[in-house]
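Some notes on the structure that comes next.
Each value in this text was obtained by applying a stated rule to the coordinates, not by laboratory testing. From a predicted model like this one, the values you see are computed outputs, not experimental measurements. Note: ideal-geometry Cβ built from the backbone for every residue, glycine included; neighbour counts use all protein chains shown.
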Amino acid sequence: MGIELLTAVLLGCILIFFALGAQVGLALGGIAMLIGYMTWGDGIFNVIPTTLESTFFSFILLAIPLYIYMGQLLTKSGIGDAMFNFSQMLIGKVRGSLAISVIGVCSMIGAMVGIIGAGIMTSGSIALRPMLERGYNKRLALGVIMAGGGLGILIPPSIPMIMFAASTQNSVGRMFLGAMVPALLTVALMVIYVVVSCKLNPERAPLDKDTDVPVLEGKEKFRIARDGLFSMLLIVVVLGSIITGIATPTESGAIGVVGAILLAIVFKRFKVDMFLQSGFQTGMLVSVAMWIIFGASVFSNFHLLMGVQSMVAGFTNSLDLPPIMIIIMFQLIMLLLGFIIDEFIIVLMCAPLFTPIAVSLGYDPIWFGVLMIINILIAVQTPPYGFALFYLKGIAPPGIGMSEIYKSVTPFILLNLTVLILCMVFPEIVLWLPNLVMGGM
């Protein structure tokens, strides 16, 4: 079977299994094993132990459960609420201040959780009700939660970035630094959009001096400021330990977990039930994530061994297109994939396939990796089939239909697309900070 026909069969089987609702990791791994056995025979089973060793025994990937655990501890202990309240207290009584707080804090909560779906659900559970109670437009409220919670994969520490670095043998620290400026640019554009839209249409964010910002006593202000500052400081310490080389990504994840537990104890938020729930939720998320990683890695490794990388390289050379057009083509492919699969699988399937080709065309792998993350962020939120839309539907008030959700996320998708285009046209947006801090490669 030729590699072209094999690729068509593999992709066709994936679409069929996904349409039937099969479990993603098992479907990908099972398809690879079945087609591999039919084409290779018993030799295909050698892929399983090598893939198992490279995924489940990877020191870098060990950071995934640690970051998820840190995020669960911070959110379930109520420290995530403290960050939200501190941000709102700083911004004060301006129109749209609550929406601005939601964008900033939900972005950080999304980063702590590290997964788009968990980021949106966690952010929504904290921020949606206060916005609706204070009279905010439903579309604006839903849109900023999607934008903030989803943006977590672009703000370090990001689990998809760790997976990209592990699958392409690149520096996690450089990936984190490369994403910082695009992430800050995205947040800035979203804040500008909220301010301008609320200025043009004040009904979107009523300014009620009695309810928009609660009146706080001195002791309460101090407590909110203390909890918010220390929780943000913990994230700075986690990132700083990686960037400065003091700790590996895995070790910094352990620092984050210990720090989250200490903050909960010091601020008298630690409860045994909270501790157990955080561990249980982390276990569920990690088990699902690792099955997906394993199944997608088996699929990807089999496809690579069959020569798909040479096929794609040959195909792109035969098109005789400028290198940037090849990069755009890769972006479009990942955008289409985002309609049917989540961020983990896109990274594991596309990163080892597309990144070497991008490097051979003269592009920096960190630049391409950040483009991939932004593209995934856009893909999973794009109507009508972006899977993150259904997470948003799950937290939406009764009576909110999918058409209204589509309208709520559209402005923020356009902002993300603007950042993606800027990063493609001006690569220094991505490369300036890692080159400044860690030197050129």
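Across segment 401-417, rounded Karplus estimates of 3J(HN,Hα) from the backbone phi angles (6.51 cos²θ - 1.76 cosθ + 1.60, θ = phi - 60°) give x, 5, 4, 6, 5, 4, 5, 5, 8, 4, x, 6, 5, 5, 5, 4, 5 Hz, Gly and Pro being marked x.
Packing-wise, with mean Cβ within 10 Å as the measure, how do 228-240, 143-155, 43-55 rank, highest first? Let's see the in-between values first.
Working: 228-240: 18.0, 143-155: 29.4, 43-55: 14.7.
Per-residue Cβ counts within 10 Å, averaged per peptide and sorted highest first, yield 143-155, 228-240, 43-55.
By how many degrees, between 0 and 90 and to the nearest 10, does the Cα long axis of helix 308-319 differ from the longest principal axis of the chain? Computed tilt is about 90 degrees. Oblate is the label for segment 169-321, because the ratio a/c of its alpha-carbon gyration tensor axes (a ≥ b ≥ c) is 1.5 or higher and a/b is not greater than b/c.
Peptides 182-189, 70-77, 262-269 ranked from most to least packed give 70-77, 182-189, 262-269, packing being the mean of other C-beta atoms within 10 angstrom over each peptide's residues.
Mean residue ellipticity at 222 nm from the helices of the chain, using -39,500 (n - 2.57) per DSSP H segment of n ≥ 4 over the full residue count, to the nearest 500 deg cm²/dmol? List each step's numbers first, then the result.
Details: 20 runs with 339 residues, N = 441.
The helix contribution divided over the chain gives -26000 deg cm²/dmol.
Working from label points 7 Å from Cα in the Cα-to-Cβ sense, the LEU26 to ILE324 distance is 4.7 nm. Sorting the segments 190-196, 26-32, 168-174 by their residues' average number of neighbouring beta-carbon atoms within 10 angstrom, most packed first, yields 26-32, 168-174, 190-196.
Centre-to-centre, using Cα atoms only, segment 345-394 and segment 276-313 are separated by 15 Å. Restricted to Cα atoms, the chain shows a radius of gyration and a Dmax of 22.0, 73 angstrom.
The angle between the Cα long axis of helix 218-243 and the longest principal axis of the Cα atoms of the chain comes to about 20 degrees, rounded to the nearest 10. Across the cross-link table entries LYS199/LYS221; LYS76/LYS407; LYS138/LYS199, which are compared at the Cα atoms, the separations over 26 Å belong to LYS199/LYS221; LYS76/LYS407. Helix 172-200 and the longest principal axis of the C-alpha atoms of the chain enclose an angle of approximately 50°.
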